[in-house]
Amino acid sequence: MQLELISFKLCPFVQRSVITLRHKEVPFDTTFIQLDDPPEWFGELSPLGKVPVLKVDDAVLFESAVINEFLDESCGDRMLASDPLERAQQRAWIELGSAAIFAMFGSITAPEEPGSTAKRDELAKLFGHLERQLAKAPPAPSPFFTGARLSLVDAAFAPLFQRLFALPEPILDWNTVPTVKRWAERLVEEPVVRASLPDGFDELFPMMLRKQNGWYARQHLAG
C-alpha cells in the first residue's frame, strides 16, 4: 500500500494525520501545496478543496477524521476504542476538537475586536466541556485522553494545543481548565507530536497570522 499525503504546511487537520501515520510507523510521502494557489490537479482530488488528502495507491480519501479512521482500521494497533459506544463517544470529542480549532482561528483572524472576543468566548465554552469530561475520572488524563495509549482524540487535539501555546498572548485562560492544561502540556511533549510539526513552524505560524491582518495580529504581532 503506497500512501501520499497532500498537505498545506500549517494546516492542523493535516497534522492530525501526520501524527497518526508517525505513531503507527507507516511509511508515506508528502506533497505540499499552497491553498491560495493550488495546482490544477488538486481540484480533481479534493471535492471540498481542502487538505488533507490521502492517496492510497490509486484511491483518494479526504477529510482528516475519515483518513485517520482508515489508517486506524488498516495499520497497527487501534487508536479508537473497540466498544461501539466508547468509539462513538471518542468520535464526538474529535468533532469538538474540530470546532475548537475553528474557534481558535476565528479569534486570531477576526478583523475586529468584537469578532475576536466572540470566538474566544466560544473556545472557552468548548474547553469547559472538555475540562468537565477529563475531570470525571481522576487521575485524568493518564496520560492520554483514553488512558495509557495515544488515541485519535489525542491526535485531534495536539495541533490545537501546539498553536495555542505558540501564541504570544493567550486567548484561553488555562487556569479555568487545569485538567486540560495538564493533558495539553504532556501531549505536546510526546515525541511523535513534536515530530509532526512542519519545519519552520515557529516562523511560519506568526507570519501567517500577520498576513491575515486580523485584530489579534495587529495587537500582538506587530513588526
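The values are calculated or read from the model by the stated rules, or taken from the named source; none is laboratory data. Just so you know, these numbers come straight off a predicted model, no measurement behind them. Please note: Cβ atoms are built from the backbone with ideal geometry, for glycine as well, and neighbour counts cover all protein chains shown.
Worth pointing out:
- Here the range 113-126 is the region considered, the condition is being among the charged types (D, E, K, R) and either outside any helix (DSSP H, G or I) or in contact (Cβ under 8 Å) with a residue 40 or more places away in the chain (or both), and the residue that is nearest to R218 (Cα to Cα) is E113.
- Index of the failed condition, A92 passing every other in (1) under 16 Å from the mean Cα position of the chain (by Cα); (2) buried (at least 17 other Cβ atoms within 10 Å of the Cβ); (3) within 27 Å of L54 (Cβ to Cβ): (2)
- A124 at pLDDT 95 or above, closer than 17 Å to I94 by Cα, buried (at least 22 other Cβ atoms within 10 Å of the Cβ) and of a type in the set (G, A, S): no
- Failed item, numbered, when R16 is tested on (1) assigned to a helix (DSSP H, G or I); (2) touching a strand residue (DSSP E or B) at 6+ places or on another chain (Cβ under 8 Å): (2)
- For the range 95-112, a residue qualifies if it is in contact (Cβ under 8 Å) with a residue 40 or more places away in the chain and surrounded by fewer than 14 Cβ atoms within 10 Å (Cβ to Cβ), and the qualifying residues are P111, E112.
- Among the residues listed as A135, A148, A124, A166, the single one being over 22 Å from A81 (Cβ atoms), small (G, A, S), over 14 Å from the mean Cα position of the chain (by Cα) and not assigned by TED's automatic domain parsing to the domain that holds E69: A124
- Positions within the range 150-162 being more than 14 Å from R194 (Cβ to Cβ) and in a helix (DSSP H, G or I), in sequence order: L152, V153, A156, F157, L160
- Residues satisfying the stated conditions in the range 127-157, i.e. at pLDDT 95 or above, farther than 17 Å from R91 by Cβ and of a type outside the set (D, E, K, R): F127, G128
- Residue count for the range 163-207 satisfying the condition of being under 30 Å from T30 (Cβ atoms), surrounded by fewer than 16 Cβ atoms within 10 Å (Cβ to Cβ) and either of a type in the set (A, V, I, L, M, F, W, C) or in contact with a His (Cβ under 8 Å, 6 or more places away or on another chain) (or both): 6.
- Number of positions in the range 19-57 that are small (G, A, S) and assigned to a loop (DSSP other than H, G, I, E, B): 2
- Here E69 meets each of (1) in a helix (DSSP H, G or I); (2) touching an Asp or Glu at 6+ places or on another chain (Cβ under 7 Å); (3) not assigned by TED's automatic domain parsing to the domain that holds H129 with one exception, condition (2).
- Count - residues of the range 127-145 that are in a loop (DSSP other than H, G, I, E, B), of a type outside the set (A, V, I, L, M) and either in contact with a His (Cβ under 9 Å, 6 or more places away or on another chain) or surrounded by fewer than 20 Cβ atoms within 10 Å (Cβ to Cβ) (or both): 5
- Whenever a residue of the range 205-223 is under 18 Å from P170 (Cβ atoms), its partners that are aromatic (F, W, Y), lying with C-beta atoms within less than 8 angstrom and at least six residues away or across chains, give the pairs L209/Y216.
- Among the residues of the range 80-121, those identified as closer than 19 Å to P12 by Cα, in contact with a helix residue (DSSP H, G or I) (Cβ under 9 Å, 6 or more places away or on another chain) and of a type in the set (A, V, I, L, M) are I94, L96, A99, A100, I101, A103, M104, I108, A110.
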